[in-house]
1. If Arg58 meets every condition in (1) of a type in the set (Lys, Arg); (2) assigned to a loop (DSSP other than H, G, I, E, B); (3) surrounded by 15 or more Cβ atoms within 10 Å (Cβ to Cβ) apart from one, which number is that one?
2. Residues of segment 1-38 being closer than 17 Å to Ala55 by Cβ, in a helix (DSSP H, G or I) and acidic (Asp, Glu), which ones?
3. I'm trying to understand the selection: among the residues of segment 66-76, which are among the small types (Gly, Ala, Ser) and either modelled with pLDDT under 95 or assigned to a strand (DSSP E or B) (or both)?
4. Examine segment 83-90 for a residue that is of a type in the set (D, E, K, R) and at pLDDT below 95, and state whether such a residue exists.
5. Residues of segment 1-48 being modelled with pLDDT under 95, touching a strand residue (DSSP E or B) at 6+ places or on another chain (Cβ under 6 Å) and charged (D, E, K, R), which ones?
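The values are calculated or read from the model by the stated rules, or taken from the named source; none is laboratory data. For clarity, every value in this text was computed on a predicted model and none was experimentally measured. All Cβ positions, even for glycine, are placed from backbone atoms using ideal geometry, and neighbour counts span all protein chains on display.
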Amino acid sequence: MIRTGKLGIVRLTGVDLANLRRECWFRDKGECQDCGVRTLFAARFDGDPLAYDMAHIRSRGAGGSDVAENVKVSCHSCHMASHSGAASKRR
């Protein structure tokens, strides 16, 4: 489902969000845009550091939309580091 708010912010759910996630992973060739590691589309276990996380460039909380231009591939480690304020493993 695609929902656009008063400020033009796009929010996706269900199949539409899953399609964006797949599109992002293929566009970035599954490579973490922070550290360069090749991610795994499906996590092997909970908290898998190599698992693919679709990260927002401008966070949803800051008004970022669920659109291809605002998402990137991030490994789980870098994504969690970005949310905790810690520096990621930049290339």
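1. Only one criterion in (1) of a type in the set (Lys, Arg); (2) assigned to a loop (DSSP other than H, G, I, E, B); (3) surrounded by 15 or more Cβ atoms within 10 Å (Cβ to Cβ) is unmet by Arg58, namely (3).
2. If the condition is that a residue be closer than 17 Å to Ala55 by Cβ, in a helix (DSSP H, G or I) and acidic (Asp, Glu), then Glu23 is the only one that fits.
3. Kept after step one, since they are among the small types (Gly, Ala, Ser), are these residues of segment 66-76: 68, 74.
Hit for segment 66-76 is Ser74, nothing else.
4. Restricting attention to segment 83-90, the residues satisfying the condition of being of a type in the set (D, E, K, R) are 89-90.
Subsequent filtering for residues that are at pLDDT below 95 retains 89-90.
Yes: segment 83-90 contains one or more residues that are of a type in the set (D, E, K, R) and at pLDDT below 95.
5. Those that are modelled with pLDDT under 95, touching a strand residue (DSSP E or B) at 6+ places or on another chain (Cβ under 6 Å) and charged (D, E, K, R): Arg3, Arg11.
So that you can scan it fast, the table gives a plain yes or no per residue for (1) among the acidic types (Asp, Glu); (2) within 19 Å of His83 (Cα to Cα); (3) touching a residue at least 12 places away in the same chain (Cβ under 8 Å); (4) surrounded by 15 or more Cβ atoms within 10 Å (Cβ to Cβ):
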residue	(1), (2), (3), (4)
Ile2	no, no, yes, no
Thr13	no, no, yes, no
Arg27	no, no, yes, no
Cys35	no, yes, yes, yes
Phe41	no, no, yes, no
Asp46	yes, yes, no, no
Ser65	no, yes, yes, yes
